[in-house]
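First comes the structure, then the notes that go with it.
The values are calculated or read from the model by the stated rules, or taken from the named source; none is laboratory data. Since this is a predicted model, take the numbers as computed values, not measurements. Ideal geometry is used to build each Cβ from the backbone, glycine not excepted, and the neighbour counts take in all protein chains shown.
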Amino acid sequence: MPEIHTLYLAACMFAGAALYTSVGHAGASAYIALMALFGLAPAVMRPTALALNILVAGLTSFRYCAPGYFAGARYGRSLLVPRRSL
């Protein structure tokens, strides 16, 4: 069974992720701050915050693009391919 501190950290990270994604951010600063407050080593903080940030940003982007809120899909490749200079 996980220690109580681990459960508190997970609950705080979930709350931080929920608050940050409600305004369109992924929450890396919240993850790093929480891990620092709970005493994790910096060598553990960096990859963990990066992985969580990618995961949350990916899920949020999918939830934003799935209903068609992203207008870039109408323009096709024009947003991905640079235009030729005249």
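Looking across the range 1-40 at every residue that is over 19 Å from LEU59 (Cα atoms) and β-branched (Val, Ile, Thr), the one that is surrounded by the most Cβ atoms within 10 Å (Cβ to Cβ) is identified as ILE32. Among the residues of this structure, PHE14 counts as one that is aromatic (Phe, Trp, Tyr), at pLDDT 90 or above and under 30 Å from TYR64 (Cα atoms).
Got at least one residue in the range 19-41 being among the aromatic types (Phe, Trp, Tyr), out of contact with any Lys or Arg (no Cβ under 6 Å at 6 or more places or on another chain) and modelled with pLDDT under 85?
The first filter runs over the range 19-41 and keeps only residues among the aromatic types (Phe, Trp, Tyr), leaving 20, 31, 38.
Add one more test, that the residue is out of contact with any Lys or Arg (no Cβ under 6 Å at 6 or more places or on another chain), and what stays is 20, 31, 38.
Keeping just the survivors that are modelled with pLDDT under 85 gives none.
No, the range 19-41 contains no residue that is among the aromatic types (Phe, Trp, Tyr), out of contact with any Lys or Arg (no Cβ under 6 Å at 6 or more places or on another chain) and modelled with pLDDT under 85.
The set of residues in the range 1-31 being more than 10 Å from the chain's Cα centre (by Cα) and part of a loop (DSSP other than H, G, I, E, B) consists of MET1, PRO2, GLU3, SER22, VAL23. In the condition set (1) modelled with pLDDT of 90 or more; (2) over 14 Å from the mean Cα position of the chain (by Cα); (3) hydrophobic (A, V, I, L, M, F, W, C), ALA49 is compliant with all but (2).
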